[in-house]
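Let me begin by presenting the structure, written as C-alpha cells, before commenting on it.
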Amino acid sequence: MISLSSARALRDSGLRWTPTSGDRFVMLQVGMEDDVFTISEMTIEAHQFPTGTVLGFNGTTEWALDSVAQEDALWLPREDQLRELLGGAFRSLARSTDGRYQVLAELPGRPEQLFTAVQATEAYAQALLALIRAAVDA
C-alpha cells in the first residue's frame, strides 16, 4: 500500500480524486490516520453535492461517523490506479537483484527515468509525482 507521505505528496502536487467503489482512504484527523477505509456501496459511499463530495458511512454503528467531506480524507491509490494514471509514460515494472521494484517511465522532454522503491506502489508513486511535476514545469 502507498505510504501516507507519498499520498500527501501526490495530492499536494495537484492529483485529484474522484471517489469510486474500491478506493481506499484515511481520515486526516489526529489519531485516525492508521485506519484505512474502503469505499463500498454497502458501507461507505461517495455522495456528490453542489458544494463537494461527501463520503457517507452507511449503517456503520461501530463508528460515530455519519459522513466526512472529501477534503478531510486522503486517497491511497492502488498499484493499478497509479499505473493507469502514468498512462503512456509508463514503460515497465521490474524487480532488481536486491528485491526492490523499479518503474521505468518516460517523462515529457526527458530521457527514460528509473524509479526504485521497496514496494511497487512507492515506485509508481515516485514516477507519477515526477510526471505531474514535469507537466507543471512544461
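Structure data summary
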quantity: Longest exposed-site-free window of the chain, the sites being GluC sites (Glu not before Pro) in a DSSP loop that have at most 12 other C-beta atoms within 10 Å; calculated: 63-138
quantity: Calculated from backbone phi, Karplus (6.51, -1.76, 1.60) coupling profile of the range 12-20 in Hz, x at Gly/Pro; calculated: 5, 7, x, 5, 9, 10, 10, x, 9
quantity: Stretchable slack from R11 to E112, in nm (0.36 nm times residue separation minus alpha-carbon distance); calculated: 34.0 nm
quantity: Structure-derived Kirkwood radius over Cα pairs in Å: which label, when the choices are (i) 15.4; (ii) 16.2; (iii) 15.8; calculated: (ii)
quantity: V136-H47 pseudo-label distance in nm [points 7 Å out on the Cα-to-Cβ vector]; calculated: 3.3
quantity: Net lengthening on full extension, L4/R78 (0.36 nm per residue, minus Cα-Cα); calculated: 25.4 nm
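Read-outs throughout are calculated quantities, based only on the coordinates presented, and are distinct from any laboratory measurement. The model shown is predicted, which means the values in this text are computed figures rather than measured ones. As a convention, Cβ positions derive from the backbone with ideal geometry for all residues, glycine included, and neighbour counts pool all protein chains shown.
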